[in-house]
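These notes are about the structure you will find just below.
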Amino acid sequence: MRFRYLASALAVLALAGCGSDDSSSGGGGGAKKSVIYVSTNPLGTNQFLNLIADGAKAGGKQCGASVKVIQSNDPNQLAANLRVAVQAKPDLIVANSFDSVETITGLLKQAPDQKWALVDATVEKAPNLRGILFKENEGMYLIGAAYALLAKGGEGDFPASKSVGFVGAIDNALVRRWYNGYSQGVKDNGGEQVLAGWGNSFNDPATSKELALSQNSKGAKYIAGVAAAGNSGVFEAAADKNFFTSGVDIDERPKDPDHIILSMVKRSDQAVQKAVCDVAKGSFKGGVETLGIKENAVGPEFLTLPQDQLKTPSKLPQNVQDKLKDLKEQIASGKITVKQ
């Protein structure tokens, strides 16, 4: 099996001019820099991984780097693909999440000069690795605040609700960071109770739907979906039972504007695009880069994304929009501290 994984990855690296190879003639002079993104899971329904791939490709087009993507199906294939990427000796390898850390830590010893950009994780004492972390707790504070305000006021089409829900992909430190900010945002803004449920993977719509339905049956009319590819299950439940929900990473509202009223966007694409351009320009540095509200890297879509990227106007009452804008400014200034 291992040899099949290696052969598959090598075949991807050998492609030229195909879908996995996004090259550009832009940028400065000299030889074109090369970038490989090794994903932890297949692209497609996992928009977090799609964002990283899109950011790498955008960096390649902007700054003149050749970008290839290797998709992994499981942890064994991920480890094999990371080793193959190192053997190819690109100028930058992009990886993501804690699943990659153990293998990368070993590869850093074998190839200490290899440059890395690692999203949502980092490795200590690795001068050629840039760990790209996000303060998702800050962005989710605003989602929690929005739900608390809607649930408390019961304005127009938005009903009063004594509780709000949260469906997390898995119960680990990363997803807990999303929950902690959300819970604080709810409670700081008059919310009474947060019902939390946890799945077993980042791609389990069935479990996510069951959790959301259970929370709705207990009275939650606003439920945050933080289940990655499993969010589709939360959205199905929202459509079936007519409650309100929110998306993550990208603006998911166009999938069902009647029920998905917010999205906590996370600009992984911009951070990876910058890393690729830094390599192309010869200015790449390792270390930890932590991005939050102040850097406009996380938050509700209507406060974070450029207006020309918003395909769906916000349905939130204007007073709620104004309150979220004010809270965002208070977080950015340090007046409000959001726990991790």
Original post:
How big is the gap, in Å, between the Cα center of the range 173-225 and the Cα center of the range 264-293?
Top reply: 29
Original post:
Taking the alpha-carbon centroid of each part, what is the distance from the range 295-309 to the range 84-123 in angstrom?
Top reply: 29
**OP:** Would you work out the relative contact order for the range 35-187, in percent, from Cα pairs under 8 angstrom that are 6 or more residues apart?
**Re:** 18
**OP:** Working with all protein chains in place, sort ASP157, ASP326, ASP278 by solvent-accessible area computed with a 1.4 Å probe, largest first.
**Re:** ASP157, ASP326, ASP278
Original post:
Which residue fluctuates the most in the chain, going by a Gaussian network model with Cα springs under 10 Å, if the choices are ASN137, ASN50, ASN76?
Top reply: ASN76
Original post:
For the Cα atoms of the chain, what angle does the longest principal axis make with the long axis of helix 136-153, in degrees from 0 to 90, nearest 10?
Top reply: 20
**OP:** Between beta-carbons, use under 11 Å as the cut-off and find the net charge around GLY230, counting Lys and Arg +1, Asp and Glu -1.
**Re:** -2
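When the solvent-accessible surface of protein heavy atoms is calculated with a 1.4 angstrom probe, in what order do ARG83, ARG130 fall, highest first? If you can, show how the numbers build up before the last one.
Details: ARG83 75, ARG130 15 Å².
Output order, biggest surface exposure first: ARG83, ARG130.
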**OP:** Just flag the trypsin sites (Lys or Arg not before Pro) in the range 154-209 sitting in loop per DSSP whose Cβ has no more than 14 other Cβ atoms within 10 Å.
**Re:** LYS162
Original post:
Comparing GLN321, GLN77, GLN307, which has the greatest mean-square fluctuation in the GNM of the chain with Cα pairs linked when under 10 Å apart?
Top reply: GLN307
Original post:
Say the dipole of the range 287-340 comes from +1 at the beta carbon of Lys and Arg and -1 at that of Asp and Glu; which of PRO306, SER333, GLY287 then lies farthest toward its positive end?
Top reply: SER333
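Compute the signed sum of charges (Lys and Arg +1, Asp and Glu -1) over the other residues within less than 12 Å, Cβ to Cβ, of ASP258. List each step's numbers first, then the result.
Details: positive: ARG253, LYS255, LYS315; negative: ASP157, ASP256.
Taking every other residue near ASP258 into account, the sum is +1.
How would you rank 113-120, 193-200, highest first, on the average number of other Cβ atoms within 10 Å across their residues?
On the way: 113-120: 22.2, 193-200: 18.4.
Most protected by this proxy first, the peptides run 113-120, 193-200.
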Original post:
Once the other residues with Cβ under 11 Å from the Cβ of GLN321 are scored (Lys, Arg +1; Asp, Glu -1), what is the net sum?
Top reply: +2
Original post:
Mind listing the phi-derived Karplus ³J(HN,Hα) values for the range 112-120, rounded to whole Hz, using 6.51, -1.76 and 1.60 with θ = phi - 60°, and x for any glycine or proline?
Top reply: x, 8, 5, 8, 10, 10, 10, 8, 6
**OP:** Starting from the range 89-169, pick out the GluC sites (Glu not before Pro) whose DSSP state is loop and whose Cβ has at most 13 other Cβ atoms within 10 Å.
**Re:** GLU124
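Can you give me the relative contact order of the range 282-340 as a percent, contacts being Cα pairs under 8 Å and 6 or more apart? Write out the running numbers ahead of the final one.
Values: 21 pairs, mean separation 16.7, N = 59.
Averaging sequence separation for qualifying contacts and normalising by length gives 28 percent for the range 282-340.
Restricting to DSSP H runs of at least four residues, report the calculated mean residue ellipticity at 222 nm for the chain, -39500 (n - 2.57) per run over all residues, nearest 500 deg cm²/dmol. Show your work: numbers first, answer last.
On the way: 11 runs with 146 residues, N = 340.
When only DSSP H runs of four or more count, the value is -13500 deg cm²/dmol.
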**OP:** Quick one: grab Rg to one decimal and Dmax as a whole number for the range 173-247, Cα atoms only, in Å.
**Re:** 11.7, 33
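If you only keep lysine pairs separated by 8 or more in sequence, or across chains, how many in the range 67-137 come under 14 Å at the Cα atoms?
Values: LYS68/LYS89; LYS89/LYS115; LYS109/LYS125; LYS115/LYS125.
The number of close lysine pairs in the range 67-137 is 4.
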Original post:
Looking at (i) 34, 26, 19; (ii) 33, 23, 19; (iii) 37, 21, 17, which value of semi-axes √(5λ) of the Cα gyration tensor in Å comes from a calculation on the structure shown?
Top reply: (iii)
Subject >> Label-point separation, ASN296 to ASP322 (7 Å along Cα→Cβ), nm >> reply: 2.3
Subject >> Nearby aspartates and glutamates by direct alpha-carbon distance to LYS255 (threshold 20 angstrom, same-chain neighbours under 8 apart not counted) >> reply: ASP54, ASP157, ASP204, GLU210, GLU236, ASP240, GLU301, ASP308
**OP:** Mind listing the long-range amide H neighbours of GLY292? Cut-off is under 5 Å, sequence gap 5 or more, other chains count too, H placed in the peptide plane at 1.01 Å from N.
**Re:** LYS135, ALA297
Original post:
Taking the simple approach of a point 7 Å from Cα along Cα-to-Cβ for both ILE170 and ASN242, what is their distance in nm?
Top reply: 3.8
Subject >> Distance histogram for the range 148-303 (every C-alpha pair counted, 5 angstrom bins, percent rounded to whole numbers) >> reply: 2, 9, 17, 21, 20, 13, 8, 5, 3, 2, 1, 0
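The values are calculated or read from the model by the stated rules, or taken from the named source; none is laboratory data. No experiment lies behind these values; they were computed from the predicted model shown. In this analysis, Cβ positions are derived from the backbone assuming ideal geometry, glycine residues included, and neighbour counts consider all displayed protein chains. All accessible areas refer to the heavy atoms of the entire protein, side chains included, with ligands and DNA or RNA removed. Shrake-Rupley method; radii C 1.70, N 1.55, O 1.52, S 1.80 Å.
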